[in-house]
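The structure appears right after this line, and notes come after that.
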Amino acid sequence: MNSRINCIIVDDDAMTRKILENLVEETEGLNLVASCSSAIEASNLLSKEKIDLILLDVEMPQMSGLELLESLNEKPDVIMITSKEKYAVSAFNLEVTDYILKPVSYPRFLKAIRKVMTPAGRPEAVTASPGKLFVKVDNSLIGLELEHIIMVEAMADYVRIYTEGKRYTVYSSMKGVMTKLPEDQFMRVHRSYIVNLDRIESIEDNTVVIGGNLIPVGVTYQKFLMTRLNTL
Amino acid sequence: MKDQQNDSQSIDLNYLTTITGGDRDKLIELLKIFLDQTPQTFKQLNTSVGLMQGAQVKAQAAQLKANLNYIGRENLILTLSQLESEFEISPNSQKVQDLLREIRERLDILQADIKGLVGFLLKD
């Protein structure tokens with residue numbers, strides 16, 4: 001997407017708001033317009049501002065998140081973020097994009113955001129080289145076959161991309177790289193590592209063996225990683 | 001209370017550390033919000049129990065539980081759930097009062113521990 005998604009957070013809990021603010025700040029393509037402590041405050045803001053996405057709690061005093069949704073004539077994308085499963089059916093009946101239980105992990109948050117960025121039925125931006133990632137090295141753009149990329153490692157302001165027999169150091173962030181890689185093939189398993197799921201050789205304890213390297217799996221990514229693997 | 005000593009030893013910062021990417025200032029900010037917010041929410045819960053306002057009791061207990069979940073305090077979350085159940089059965093019961101007192105005492109200990117932790121992080 002070329003333009004950023006204008007989003008608001010609506011939650012009466014200050015700690016949750018701050019956590020979500022951190023997640024939004026970490027996510028490329030999102031622009032936080034406001035962090036509202038009530039549905040009424042959000043309702044007032046929605047009548048004045050063009051908002052693309054609401055990160056919305058359910059249980060709030062005076063007006064609940066579901067009541068806010070029912071009151072809107074034009075609904076932006078909505079990701080419900082709540083502690084309870086019991087509102088999921090009502091929420092999906094109101095056509096929310098996703099429903100996340102607290103505490104929210106970053107991978108789960110990112111998965112929901114991707115649904116907003118590439119909703120079903122909306123064609124994704126056409127790329128002329130769907131199987132390749134072009135990286136700038138010196139004055140050249142080098143096309144790397146996605147299937148040849150083994151993993152990506154964070155290095156301060158740079159990332160190091162490992163392919164078979166070669167490494168490329170590129171000026172980019174991990175977030176930037178993640179947005180360029182297909183999510184069905186690549187996954188972030190640690191703050192500092194993205195791996196090609198097709199290239200994982202084994203997993204021992206909380207370590208992935210890939211391309212002869214031992215990669216730690218961050219605690220928040222562990223469960224998510226297991227759900228992505230084809231296991232018996 | 002038998003769990004108090006365990007409670008005081010088990011602040012789990014795993015989630016908050018991950019979510020802040022290990023940024024100490026952000027971690028301190030979140031812990032300070034916990035310190036500001038929790039006593040107020042408990043006070044509201046206490047009032048709502050006294051006024052027998054069931055919906056408010058649920059909402060305030062849910063807020064406390066969400067915040068406690070962020071620092072891995074499952075024991076205290078269970079006690080809050082127990083309070084909600086007892087309140088539904090008999091809002092005036094001695095058991096409800098006992099649970100409220102227990103929660104307050106354990107939150108006080110937790111607050112002191114987190115204040116100590118914030119002080120340590122600020123010095124570091």
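The values are calculated or read from the model by the stated rules, or taken from the named source; none is laboratory data. Everything quoted here is computed from the prediction, not taken from an experiment. Backbone-built Cβ (ideal geometry, glycine too); neighbour counts: all protein chains shown. For accessibility, only protein heavy atoms count, side chains too; no ligands or nucleic acids. Shrake-Rupley method; radii C 1.70, N 1.55, O 1.52, S 1.80 Å.
So the check is Cβ under 8 Å with 6+ separation or different chains; which pairs have a first residue in the range A:21-35 that's within 10 Å of chain B (Cβ to nearest Cβ) and of a type outside the set (S, T, N, Q) and a second one that's surrounded by 19 or more Cβ atoms within 10 Å (Cβ to Cβ) and not in a strand (DSSP E or B)?
From residues that are within 10 Å of chain B (Cβ to nearest Cβ) and of a type outside the set (S, T, N, Q), the pairs are A:Leu23/A:Val104; A:Leu23/A:Tyr106; A:Leu23/A:Phe109; A:Leu23/B:Ile19; A:Glu26/A:Tyr106.
Quick check on A:Gly143: is it more than 14 Å from A:Pro107 (Cα to Cα), at pLDDT 85 or above and either assigned to a strand (DSSP E or B) or open to solvent by less than 30 Å² (accessible area, probe 1.4 Å) (or both)?
yes
When you go through (1) touching a residue at least 12 places away in the same chain (Cβ under 8 Å); (2) open to solvent by 20 Å² or more (accessible area, probe 1.4 Å) one by one for A:Val58, which number turns out not to apply?
A:Val58 satisfies all of (1) touching a residue at least 12 places away in the same chain (Cβ under 8 Å); (2) open to solvent by 20 Å² or more (accessible area, probe 1.4 Å) except (2).
Among the residues of the range B:50-61, is there at least one that is without any contact (Cβ under 8 Å) to a residue 24 or more places away in the chain, touching a Ser or Thr at 6+ places or on another chain (Cβ under 9 Å) and open to solvent by less than 40 Å² (accessible area, probe 1.4 Å)?
Yes: the range B:50-61 contains one or more residues that are without any contact (Cβ under 8 Å) to a residue 24 or more places away in the chain, touching a Ser or Thr at 6+ places or on another chain (Cβ under 9 Å) and open to solvent by less than 40 Å² (accessible area, probe 1.4 Å).
Let me confirm something: among A:Ile113, A:Ile150, which residue is open to solvent by less than 40 Å² (accessible area, probe 1.4 Å) and either farther than 30 Å from A:Gly65 by Cα or part of a loop (DSSP other than H, G, I, E, B) (or both)?
Within the list A:Ile113, A:Ile150, the selection yields A:Ile150.
Just need a number here: residues in the range B:30-46 that are touching a helix residue (DSSP H, G or I) at 6+ places or on another chain (Cβ under 8 Å) and closer than 18 Å to B:Glu105 by Cα.
Total satisfying the criteria: 11.
When B:Thr18 is evaluated against the numbered criteria (1) hydroxyl-bearing (Ser, Thr, Tyr); (2) in a loop (DSSP other than H, G, I, E, B); (3) free of Cβ contacts under 8 Å to residues at least 40 places away in the same chain, which criterion, by number, is the only one it fails?
The one condition B:Thr18 does not meet is (2).
Can you tell me which residue is most open to solvent (accessible area, probe 1.4 Å) among those in the range B:8-49 that are more than 9 Å from every other protein chain (Cβ to nearest Cβ) and of a type in the set (Asp, Glu)?
B:Asp25
Mind counting the residues in the range A:164-194 that are in contact with a Gly (Cβ under 9 Å, 6 or more places away or on another chain), open to solvent by 20 Å² or more (accessible area, probe 1.4 Å) and in a strand (DSSP E or B)?
3
Go through the range A:203-221 and count every residue that is open to solvent by 40 Å² or more (accessible area, probe 1.4 Å), touching a strand residue (DSSP E or B) at 6+ places or on another chain (Cβ under 8 Å) and assigned to a strand (DSSP E or B).
Summing the residues that are open to solvent by 40 Å² or more (accessible area, probe 1.4 Å), touching a strand residue (DSSP E or B) at 6+ places or on another chain (Cβ under 8 Å) and assigned to a strand (DSSP E or B) in the range A:203-221 gives 5.
Taking the conditions exactly as written (facing another protein chain (nearest Cβ under 10 Å) and either open to solvent by less than 10 Å² (accessible area, probe 1.4 Å) or part of a helix (DSSP H, G or I) (or both)), does B:Ile109 satisfy them or not?
So B:Ile109 fails the test.
May I ask you to say which residue of A:Thr207, A:Thr231, A:Thr169 is polar (S, T, N, Q) and modelled with pLDDT of 90 or more?
A:Thr207
Under 7 Å between Cβ atoms, at least 6 apart or on separate chains: pull out the pairs that start in the range B:62-78 with a residue that is within 10 Å of chain A (Cβ to nearest Cβ) and within 19 Å of A:Asp57 (Cα to Cα) and end on any residue that is aromatic (Phe, Trp, Tyr) and in a helix (DSSP H, G or I).
What qualifies is B:Leu64/B:Phe42; B:Asn67/B:Phe34; B:Tyr70/B:Tyr15.
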